[in-house]
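Below: the structure, in C-alpha cells.
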Amino acid sequence: MKVTGWVLDVFTLEAARGLVLWLIGEDGKRYRFEHCFPVTFYAAGSASELRTLWRFLQSQPERLTLSRTERHDLFAGMVTVLACKVESPLELPRLFARVASAFPTLTYYDADIHIALRYAAMFGVFPLAYCEIEADDKNHILSIHPLESPWEIDPLPVPLRILSLEPDADPSHSTPSHLKVSYDRVHSTLPLDAKRPLLASLESTLKTYDPDLILTSWGDTWLLPSLLTDKKLANFPLSLNREAGQDVIQHKERTYFSYGQIVYRGQQVSLRGRLHIDRHNAMLWSEYELEGVFEMARVTGLPLQDAARLSPGTGISSMQFITAMREGILVPYRKHQAETPKTALELIRADMGGMVYQPIIGLHKDVAGIDFVSMYPGIMVHFNISPETQRAKDDLTPAAGEPGLIPKTLKPLLLKRLALKSSLAKISKYDSRRQSYRARSTAEKWLLVTCFGYLGYKNARFGRIESHEAVTAYGREALLRAKEVAEDLGFEVLHMYVDGLWVQKEHLANPSDFDELLEVIREHTGIPIALDGIYKWVVFLPSKLNSRVPVPNRYFGVFQNGEIKVRGIEARRRDTPPFIVTMQIDMLKILARAPSVDDLPEYIPLASALVEKKIRDLREGQIPLEDLLITQRLSRELKSYRSPSPAARAVLQLVDAGKHISAGQSIRFLYTRGKPGVYAWGADKDFDKRRIDISGYQKLVKRASATILDALISQTNLGFFKVCQQIKPR
Amino acid sequence: MGRTLQTITDIFLQEQESFTRFRRALRRKDQLALDDLFISARQHLAAAGYAAHALPFETLLLCMLLEEHKEVMQLREQVNQLIVSRE
C-alpha cells in the first residue's frame, strides 16, 4: 500500500513494538501506522569501565545490539564509544535510567533525545510534513519519504479538522456556565452543569466529525481535566484520544524563574492520535497563534503538542540536535565543558552585552531609523560562530574552516525568515497570506533570538560562553562601525540600541537618500542593514525622575506614512488599563496628523482636549469596567509578601472566593476606594460601579498624557514654547 | 553576558553613592552643582561601559570633564560671536 498525506504525530506506545505514526491521508482518511525504529545511545569512558558496562548491558532483559565504535564529539573530536542499539524505542529511557545510576561517571551521548527528533533526523519527516508512505498489509511502514522540506515558503495547506471548545468565562476567575463548541460551520453552546448530555453531545461530535486537533481555551488547566473527571464519575465514554485503549496524558503545573521573571505554566493535557492545544497555556500564543505553532513544529521537528507548550529555547536546541545527528555528531547527555579561565581584564572586556546608548533627549525631525537585519543570528551565520570554531583575531572576520554546527542549523531558518519578510513587504495589504507569513516569521524570530541566548546558557548542550561573548563583541563592533560610517557621511547619530541606529541629517526625506549610508555600512560590517523608516518626528524621553537623564529605548515617533512607533511608554506596558492605552495611542494619532514638526503646536490642544474628555468620561462612569482593568502578574507566592501589592491583595480576594492562583499567573483587577483598594475581577458576581477609585485612575491618565505632552511642550528649541505654555492641561 | 559583572549603570550608581558623605558636607548650592556633574557623566555611560576600564571612576571623571569642555567650547563660541557683532 502506498499513501501520501501529512504527518499528524509520532510517538511511542506500550502496545506497539516500534513507534506509532498518525497520518492525514490526501484521500481524506486518517491512517495509523507502526514503524520499527531501533534507537542507539553511546557511552564513553576508560576501556575497563566500558567493559563492565558491556557486561551489565548484556544481562539486561531488553533486546539490544552492542558494538564498539568511533564517533565525533563536537568538543573533544573523535572518541571511542560503546554503542547500545535498543530494538524498541520505548525501552530506551528506562534502560538508560538504570545504566546512568549504575555508572554515573561515564559520559553519555544521544541518551535523552525526543523520539520525534530522532525520526526527523533519520527520515527528514517532521510534523505536518507532506510525505509518501509505503506499508505492508498490517500497516507497518516499509519506507517513508518526505515530499517537502521544512523550508518551503508556501507548503501545501494541511486539511486539518479542528474542533474548538471554549468555556464562556476564565475558570480561574469565575465558574463558567456554558461551553462554546464550533467546527466546520457548526456553532453550538452547551450548558456545563448538565454533565451527561454534555458528555453525550461531545462524544457524538468526536465520533462523527472526528477532529484532528482539539483547540481549547483553558483545556489544559480546567476543561479537559474536569471533563475527564465527569466522564469517570458518570462512567461514560469520551473518545478524546483516537488511539484506542490509551489514557489521556496529564502533566502537572509548575512555576519557574526565567530572565528575571516568574513564569507560570499550567497543567497540561495531551492526546494520542489527536492533538490538543490550549490557547491559554501555549507559549507565545498571543504573538503567533496556530500558524506560529505549526511553523514551530515544522522547523524544530518537535511534535505539535510539545511545540505549542515548550519554549523557543527547547525549539532551537531540538534543531541543533537534528543537525548534529545528521552530521554524525554526538549529542552529549549533560554538558561537560567549563568556561576557560580569563584574567580580570579579559573578563571586563568580554562580559558585555549589546551597546545601549543614551539618546539625545527631546523632539527631533529629519530622523531615520536603521536596523541590522536579524543581527545576532546573522553574525553567527556570516562569521561562523559556533562552540567548535576558532574565533578570528579581529572582530567581524569569519572564523576559519567549515561552517560550524550553529551556523549550519541557523542558516536555512534565517534565509526562510528573510524570504518571508521580503514577501511580506511585497504582497498587498489584503493578501490572505499576510497573516500566516507574519505569524510564521514571528515564530522564527523567537527561535533565532533564543539561539543566541542558548549559546551562553550553562546547561545548553551545544553552548559555550566564549561563542556567546563573540556574538556580542561582533555586534558592538558592527554598531560602532555603523556609527563611524554615518558620521563620516555627515549624519548625526541620535541614539543606538543593540542593532538599531537613529540618524539625523537635514532635508532627507526619501528612502533612496539613505541608500548610500546603508550600502557603506554593509560594506564595512558585512551584515545587511535596512531602513526601518523615516520619521516625521520622534521624541526621545528622559527619565521620569530627572528630566536631564536620558533613558535608552523610551521614545515615540511618527513615520512619514503616519504610522506610529512607541517603545517603553505606558501604552506598551501590560499593566496599563486598556482605556489609557487607547487614549495614549489616540493622542499620538492626533499628533500624527500634523504634516510636519512645525505644525505640531496646532495639534497639541486637540490631544489635550482628548485627555480632558477621558477624564470627564471617567468621572461620569462612561468607561466600561473591562477597560479599567489592570493586568499584573503575581511575582511570588502569596505567603512571601511582607506588604501585599495591589495584585497580591486581589489574589487574596480570589483565594477567599475559592480560586487557586500560583506565582507567575496573571490577575486582573480594578482600583477601588477605601480598603483593600482593589477588586479582583470575577471575585463575586456583583460589583458596584461607585466603588471605582476615580482619582486614582485620574492620576494614571494624567501621567500617561504628561509622557506625551510634557516632552513636546518643553521643546524650547523649536520656538513654540510660548504657544504651548498657554495650552498646557491643568 | 552582563551576569557575572555589574552593568555600567550599576557601577555608576555605586560610585555616586560612595560620595554621599562628601556630598552631605557640601553647601546646598554646591550639592546641586555636584548632582549636575554626575548627570553629565550619565550622558556617556555607553561609552564608559565600552571602555571597560579597570578603574571605572576615571572614565566617569572624564565623562564629566567632556561635558564641561563642551560647555566651555559653546560659551567661547558665543562670546566670540558677541565680540564680532559688537565690532
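Structural remarks
- Subset of region A:402-413 [surrounded by 15 or more Cβ atoms within 10 Å (Cβ to Cβ) and more than 18 Å from the chain's Cα centre (by Cα)]: A:403, A:404, A:405, A:406, A:407, A:408, A:409, A:411, A:412
- Top-ranked residue in region A:471-484 [being surrounded by 22 or more Cβ atoms within 10 Å (Cβ to Cβ) and away from chain B (no Cβ under 11 Å); ranked as farthest from residue A:380 (Cα to Cα)]: A:482
- In region A:144-174, the residues that are more than 30 Å from residue A:422 (Cα to Cα) and not in a loop (DSSP other than H, G, I, E, B): A:144, A:145, A:162, A:163, A:164, A:165, A:166, A:167
- Considered as a group, the residues in region B:7-21 that are closer than 30 Å to residue A:454 by Cβ and more than 10 Å from every other protein chain (Cβ to nearest Cβ) include one that is surrounded by the most Cβ atoms within 10 Å (Cβ to Cβ), and that residue is B:11.
- Any hit, region A:506-527, residues being of a type in the set (Gly, Ala, Ser), surrounded by fewer than 18 Cβ atoms within 10 Å (Cβ to Cβ) and within 14 Å of chain B (Cβ to nearest Cβ): no
- Residues that are in a helix (DSSP H, G or I) and in contact (Cβ under 8 Å) with a residue 40 or more places away in the chain, drawn from region A:485-528: A:514, A:517, A:518, A:521, A:524, A:525
- Among the numbered conditions (1) in contact with a Ser or Thr (Cβ under 7 Å, 6 or more places away or on another chain); (2) farther than 30 Å from residue A:78 by Cβ; (3) among the charged types (D, E, K, R), the only one that residue A:371 does not meet is (1).
- The C-beta contact set for region A:605-616 (first residue at positive phi, second residue in a helix (DSSP H, G or I), distance under 6 angstrom, 6+ apart or interchain) is empty.
- Checking residue A:397 against (1) within 17 Å of residue A:464 (Cβ to Cβ); (2) at pLDDT below 90; (3) among the β-branched types (Val, Ile, Thr), the condition it does not meet: (1)
- Where residue A:53 falls short, out of the listed (1) assigned to a strand (DSSP E or B); (2) farther than 25 Å from residue A:129 by Cβ: (1)
- Scan region A:81-117 for residues that are of a type in the set (A, V, I, L, M, F, W, C), outside any helix (DSSP H, G or I) and surrounded by 20 or more Cβ atoms within 10 Å (Cβ to Cβ) and the total you get is 7.
- Taken over region A:495-504, the criterion of being surrounded by fewer than 21 Cβ atoms within 10 Å (Cβ to Cβ) and within 14 Å of chain B (Cβ to nearest Cβ) is satisfied by A:497, A:498, A:500.
- The residue list A:445, A:416 contains one member that is among the basic types (Lys, Arg), within 30 Å of residue A:358 (Cα to Cα) and within 18 Å of the chain's Cα centre (by Cα), which is A:445.
- All of B:82, B:60, B:65 fail the test of being touching a residue at least 24 places away in the same chain (Cβ under 8 Å), aliphatic (A, V, I, L, M) and assigned to a helix (DSSP H, G or I), apart from B:60.
- Within region A:273-282, the residues that satisfy the criterion of being assigned to a loop (DSSP other than H, G, I, E, B) and buried (at least 22 other Cβ atoms within 10 Å of the Cβ) are A:274, A:281, A:282.
- Within region A:431-468, the residues that satisfy the criterion of being aromatic (Phe, Trp, Tyr) and either closer than 15 Å to residue A:318 by Cβ or at pLDDT below 85 (or both) are A:446, A:454, A:457, A:462.
- Hits in region A:152-189 (condition: buried (at least 17 other Cβ atoms within 10 Å of the Cβ) and of a type in the set (A, V, I, L, M)): A:158, A:160, A:163, A:165, A:179, A:181
- Enumeration of residues in region A:20-46 that are over 18 Å from residue A:112 (Cα atoms), surrounded by fewer than 18 Cβ atoms within 10 Å (Cβ to Cβ) and touching a residue at least 24 places away in the same chain (Cβ under 8 Å): A:27, A:28, A:30, A:31, A:32, A:36
- Scan of region B:22-52 for residues that are without any contact (Cβ under 8 Å) to a residue 24 or more places away in the chain, within 8 Å of chain A (Cβ to nearest Cβ) and either of a type in the set (Lys, Arg) or in a loop (DSSP other than H, G, I, E, B) (or both), ordered by number: B:44, B:52
- Exactly one residue among B:14, B:43 is within 11 Å of the chain's Cα centre (by Cα), under 30 Å from residue A:501 (Cβ atoms) and of a type in the set (S, T, N, Q), and that residue is B:43.
- Residues of region A:534-582 that turn out to be surrounded by 18 or more Cβ atoms within 10 Å (Cβ to Cβ) and polar (S, T, N, Q), as a count: 1
- Residue check, residue B:83 closer than 20 Å to residue B:19 by Cβ and β-branched (Val, Ile, Thr): no
- Residue match in region A:405-418 (condition: part of a helix (DSSP H, G or I), of a type in the set (A, V, I, L, M, F, W, C) and more than 26 Å from residue A:501 (Cα to Cα)): yes
- Condition check for residue A:17: exposed (fewer than 14 other Cβ atoms within 10 Å of the Cβ) and more than 19 Å from residue A:105 (Cβ to Cβ): no
- Residue check, residue A:100 more than 21 Å from residue A:318 (Cα to Cα) and not β-branched (Val, Ile, Thr): yes
The values are calculated or read from the model by the stated rules, or taken from the named source; none is laboratory data. None of these values were measured; they are calculated from a predicted model. Note: ideal-geometry Cβ built from the backbone for every residue, glycine included; neighbour counts use all protein chains shown.
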